């Protein structure tokens, strides 16, 4: 179990590091060329990276380690675990605001630009809340090893205090974000289908395609969190731990950052398009906006990159 978790988290660290590296090394210094969704994904990648590193630290601690190591690892694990979940929820919220504003906007592209007004509260809120939730257990020194000394988690496994801390600072907020992301995912998919049926052609179609791909981030979170809660519910109902569900949960949780980085790097759905995008970013020193209608991630330009001869023939 430790080996699988370490390998999965290592892949998440590598994937998140590549995303952050590409953003800061090959972007224009001015962030004005990037949309809010781009910056939210970069924040999410940063939290994925630290969360994965904290998981490796936490799962490899033994009772011989100093108590402060377990407390520090758990504080970082909870803060950045909830933080990456919150930023995924914020991505879903940005889609919610986008499609709500679309009713009063002339186009979906204009509605997307309106969301940028809310950038500061959308970024600051998850940072502050995640730090508060991760720091609250320090008041009662609730982090520590269990009675067997094998797991670094909350002290007093099975006690009321232990369960209260778990649900107040981790599972409770996680459940709220999970429910919200699930609802928004369903509503936005329905809204996108309505817009596609009403507007088969036009500029909105490119923005809709970008929004549809952006939905993959909440989808990954929902799938991984569902595995997490499936383990807890099965354990509560049967009184036993399902090894298959537990293993699936541990592996999927450790790979969350890796999956998110794949969505970002292979945004247009093809490896060739991703490599072409990276090459273009390196050669032009420009990291194009994820919601830019003229982005290379649009279906038309992705096809042109994958089939240059066919594109020339059409011209």
Notebook entry, point to check: Stretched out fully, how many nm does the piece from residue 6 to residue 244 gain, at 0.36 nm a residue minus the Cα gap?
Noted result: 83.9 nm
Check: Going by how many other Cβ atoms sit within 10 Å of their own, how do 23, 143 line up, fewest first?
Finding: 23, 143
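For a quick check: sort 164, 88, 5 by the number of other beta carbons within 10 angstrom, fewest at the front. Don't skip to the answer; put the middle values down first.
Working: 164 13, 88 30, 5 21.
Fewest to most other Cβ atoms nearby, the residues stand as 164, 5, 88.
Going by how many other Cβ atoms sit within 10 Å of their own, how do 227, 70 line up, fewest first?
Working: 227 17, 70 22.
Going from least to most buried by this count: 227, 70.
All of the numbers you see were taken from the coordinates with simple rules; none came from a lab. Because the structure is predicted, anything quoted here is derived from the model rather than measured. Cβ: placed from backbone, ideal geometry, glycine included. Neighbour counts: every protein chain shown.
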